[in-house]
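One structure is given here, and the rest of the page talks about it.
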């Protein structure tokens, strides 16, 4: 059984999904913080964490903070929506 640890990563600026695509399977993206982008999700182990930091470094992201989050904060983490509904999709009812 693999245990994961909930983490929060904050980077400077508004990062796009394209920029963060390799991380979106494990992390949710939040732009609601001023001047930054928050990623919340689960880290499997030290190697996974190092891979995340390596990716952020390779794309020139400025890391503001990274660390495990408390169980209370963890309860607020929603898994990434892997199949979002297009926002401009409309339904027609007769």
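The values are calculated or read from the model by the stated rules, or taken from the named source; none is laboratory data. Remember, it's a predicted structure, so these values are computed and weren't measured experimentally. Positions of Cβ are generated from backbone atoms using ideal geometry, with glycine treated the same way; all protein chains shown enter the neighbour counts.
Note on the range 1-24: residues that are part of a loop (DSSP other than H, G, I, E, B) and either touching a strand residue (DSSP E or B) at 6+ places or on another chain (Cβ under 7 Å) or more than 19 Å from residue 57 (Cβ to Cβ) (or both) total 7.
Return the pairs, sorted by first residue and then second, in which the second residue is surrounded by 12 or more Cβ atoms within 10 Å (Cβ to Cβ) and assigned to a helix (DSSP H, G or I), the first residue lies in the range 44-56 and is at negative phi, the beta carbons are less than 8 Å apart, and the residues are 6+ apart or on different chains. Qualifying pairs under 8 Å: 52/23; 55/22; 55/23. Checked against (1) in a helix (DSSP H, G or I); (2) modelled with pLDDT under 95; (3) under 17 Å from the mean Cα position of the chain (by Cα), residue 50 passes all but condition (2). One residue alone among 25, 30 is within 10 Å of the chain's Cα centre (by Cα), surrounded by 12 or more Cβ atoms within 10 Å (Cβ to Cβ) and at pLDDT below 95, and that residue is 30. Restricting attention to the range 33-47, the residues being in a strand (DSSP E or B), over 10 Å from the mean Cα position of the chain (by Cα) and over 24 Å from residue 3 (Cβ atoms) number 1.
If the condition is being surrounded by fewer than 17 Cβ atoms within 10 Å (Cβ to Cβ) and on the phi < 0 side of the Ramachandran plot, then the range 5-18 contributes 5, 12, 14, 16, 17, 18.
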